[in-house]
1. For the range 39-102, what is the relative contact order in percent, using Cα pairs closer than 8 Å and at least 6 residues apart in sequence?
2. If you build a Gaussian network model of the chain, linking Cα atoms that sit under 10 Å apart, which residue out of 288, 198, 321 swings the most?
3. With equal scatterers on the alpha carbons only and no solvent term, can you work out the Debye log10 of I(q)/I(0) for the range 212-334 at 0.12 1/Å?
4. Expressed as a rounded percentage, what relative contact order does the range 134-280 have, with Cα pairs under 8 Å and six or more residues apart?
5. How far apart, in nanometres, would the label points at residue 87 and residue 72 be if each is projected 7 angstrom from Cα along the Cα-to-Cβ direction?
6. For residue 159 paired with residue 328, estimate the spin-label separation in nm (one decimal), with each label point 7 Å from Cα along the Cα-to-Cβ line.
7. Within the chain, what percent of beta bridges assigned by DSSP are antiparallel, to the nearest 5?
8. Working from Cα positions, state the angle (0 to 90°, nearest 10) between the long axis of helix 198-211 and the longest principal axis of the chain.
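Please treat every number below as a calculation from the coordinates, not as lab data. Remember, it's a predicted structure, so these values are computed and weren't measured experimentally. Glycine also receives a Cβ, built like all others from the backbone with ideal geometry; neighbour counts cover every protein chain displayed.
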């Protein structure tokens, strides 16, 4: 994700540090309330500039978006303090959660009155809203990843081309992607998920087991050396989908693909991020012409992710025309 640092427009906020170490942003004159954004480096996100324009288009009661920054190694106490703040502050309308989706659910899931089915099965929350006096958690990513993928993957892509899927990362983004792919009418013949953590791979396998994903469709591979990923990409057939769902290249520099590795010929290479150091995206673009690759960044995933959560928080019904208007307004700020 490529964002704009600092504070923009009407989103003027002052960071305050809570006693438990969580960094919360506060704002003055919040008579119309505000929406929150839980992440690691929220001030750098383009949404800080985009949100006021979207609020006008959607007719929201507030154009204020407040960042809640937590470290990658946030403690359970920090997560619970943040969710309690959102729950107990009548001006806080809800929040989008990125990076911390699994950690927040694990530490503070019991604070929610309701969590949707995907959130319960996957153990994550990406959307926090308040309706009828209840605190509601949703996991929107399978919806948003499907909306974004539908813009560059035809409905018969895997059946027509025989391409497989290589998903680099078994966290929340990888969980959402594999959930969506398993439900496609033309589900790929093979999905391989890699991660540097066996714990995350085991968690994902348990999610798929609870979901009832057909046995053998998804394989889980510990990437404990660069050769593992290099060999996996070399073995993938043409037209495969290769996705960076690792988080590397956004909040932390780096790429899950080792230098010198080649993407499959005619592959669709999807970088989930749109801001950051984006090493994976640079690797794909360097091979785009020679490998006849389709290279996609995370911008449209970002648009769909935010619009779906905003609609949930404020009770807005989205349609194709509204999403197009939001996309055009966002593009004007890039």
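1. Values: 37 pairs, mean separation 24.4, N = 64.
Relative contact order comes out at 38 percent.
2. 321
3. -0.58
4. On the way: 250 pairs, mean separation 35.5, N = 147.
Relative CO of the range 134-280 lands at 24 percent.
5. Label at residue 87, label at residue 72, 2.9 nm between them.
6. With each label point 7 Å from Cα toward Cβ, the separation is 3.5 nm.
7. Details: 14 of 46 bridges.
Roughly 30 percent of the beta bridges in the chain run antiparallel, per DSSP.
8. Rounded to the nearest ten degrees, it is 90.
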